[in-house]
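Working notes, structure below.
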Amino acid sequence: MNSFRGFNLKPEILQGIADLYYKKPTPIQEEAIPLALNGKDLIGQAQTGTGKTAAFVIPMLQMLEEDKNDVQALVMTPTRELAIQITDDIRELGKHLAVNVLSLHGGQDITQQMTKLKGNVQIVVGTPGRIRDHLRRETLHFGRVKMLILDEADKMLEMGFLEEVEEVFIQTAQKKQVLLFSATIPDDVRKLAHRFMNQPQIIRIEKKQITAENTKESYYVVNQSDKVDVLLRLVQEAHPYLAVVFANTKQRVNELVRRLQESGIEAEALHGDLSQKKREQIMDQFREAKFQYLVATDIAARGLDVEGITHVFNYDTPSDVESYIHRVGRTGRAGQQGEAISLISPRQKIMFNRFSKAISGGAEEKFLGGSKRAKRERKPKDNEEKRTADKANEKAAAGSSAPAEEKRAPGRAKAKTQQVKPGYKKKEIMEKEKQKRKERRKAIAESYRKRKK
């Protein structure tokens, strides 16, 4: 489908889509939107960056009854960052509609949320823990919810939110439409779908082709002790517009920010120890390009949708393939070109190759100072020069009965033992010896070239 107009959407929604410069539906939108508009339950297996948020937001806005003040739609997501991002997307796509959306997540004053819930709220987006808190306080009622969306369902259950999700299913209206989106469909997600969904339609969108087209993946095999120096060199060579550097721990994130800033590179940290207000402030500054490098734990791997991220650096190798998929998915979005560069230890090479092949044809191994092919091509040349020098030395040492001048190769001076006399600097003598050795090597090579002619 070449246009969103084929979905017969409300004019206000089409205007919101046009304002965001969406040209045509992505594959997940093309398949999911018609099914959702027909009231079908569906499971959408798609990676980040495929446009899946709009795939459920557009049908949600279409079914919304603007004249009713009840909560009509609920979106559950594993992290507060993703909840904030989805809330912003709903507001952008629905800004020409009379729609009120509220984000419920930790890090905010729950009493303020309770006050807002007394007003006109039609869509709720939240994390499982905070939603359950409101249900138990009876400040949130889902008896008239018509649509329930689980986004990043695999991550939600992996984080241990199964009990909260089940409670929400029980508390919401029995007759409702359920849309489930997940990067992977493990057994616990299948079981959840079997229990609470009504003959769901399954859509699978392969991210592999999209990543291969838009994101260039590469890696360097680096010892842990050399990683910081290599990262500093790579970021200075890459010249990104915006970049995200991923590390596995909060301590390492802080250390990398310190090292980057000491090198004159604008960088800020994002991890779980920061307050919600501080995290939102940092993300706003990053979106406005007030600094170029965001150094983050996997808290930023999901839900971070920032236009203009040209590079992702994996300082630490992620723990699983899903984390790698989501990290790389921060760049190369919406058809733009991106680059993902990983620093891996020698022991992690096999595991990393398995990760990269999950979403593309595999990452290219690179070497500082040249490619693998260039390194192989230099080797024979280096060996040839070494053999030349060895032959010249052997010839110079041959013929013990000849005069001393004939024993030595042209340009080779008789070695003299330098004595460090009082008042001489040892460093100066070492430099002189180094220069003499360099001149001798040059003379031997020149002699060989003349004989070859």
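The values are calculated or read from the model by the stated rules, or taken from the named source; none is laboratory data. Given the structure is predicted, the values throughout are model-derived calculations rather than measurements. FYI the Cβ positions are ideal-geometry reconstructions off the backbone, even for glycines, and counts take in every protein chain you see.
Quick notes on this one:
- Any hit, segment 62-79, residues being part of a helix (DSSP H, G or I), surrounded by 22 or more Cβ atoms within 10 Å (Cβ to Cβ) and not assigned by TED's automatic domain parsing to the domain that holds Arg330: no
- Residue match in segment 267-285 (condition: over 24 Å from Phe181 (Cβ atoms), in a strand (DSSP E or B) and in contact (Cβ under 8 Å) with a residue 40 or more places away in the chain): no
- Residue pairs meeting the criteria (Cβ under 6 Å; at least 6 apart or on separate chains; first under 17 Å from Gly119 (Cβ atoms), in segment 81-103; second assigned to a loop (DSSP other than H, G, I, E, B) and of a type in the set (Asp, Glu)): Ala98/Glu66
- When Phe161 is tested against the conditions (1) surrounded by fewer than 15 Cβ atoms within 10 Å (Cβ to Cβ); (2) in contact with a Pro (Cβ under 6 Å, 6 or more places away or on another chain); (3) hydrophobic (A, V, I, L, M, F, W, C), the lone failure is (1).
- Applying the condition of being closer than 21 Å to Val125 by Cα and over 25 Å from the mean Cα position of the chain (by Cα) to segment 13-39 and asking which residue is surrounded by the fewest Cβ atoms within 10 Å (Cβ to Cβ) yields Gly39.
- When Lys155, Lys191, Lys116 are checked against the criterion of being assigned by TED's automatic domain parsing to the domain that holds Leu82, part of a helix (DSSP H, G or I) and closer than 25 Å to Gly94 by Cα, a single residue qualifies: Lys116.
For (1) at pLDDT 90 or above; (2) under 25 Å from Arg204 (Cβ atoms), each residue gets a yes or a no:
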{"site": "Ile33", "(1), (2)": "yes, yes"}
{"site": "Ala46", "(1), (2)": "no, yes"}
{"site": "Gln62", "(1), (2)": "yes, yes"}
{"site": "Lys68", "(1), (2)": "no, no"}
{"site": "Arg80", "(1), (2)": "no, no"}
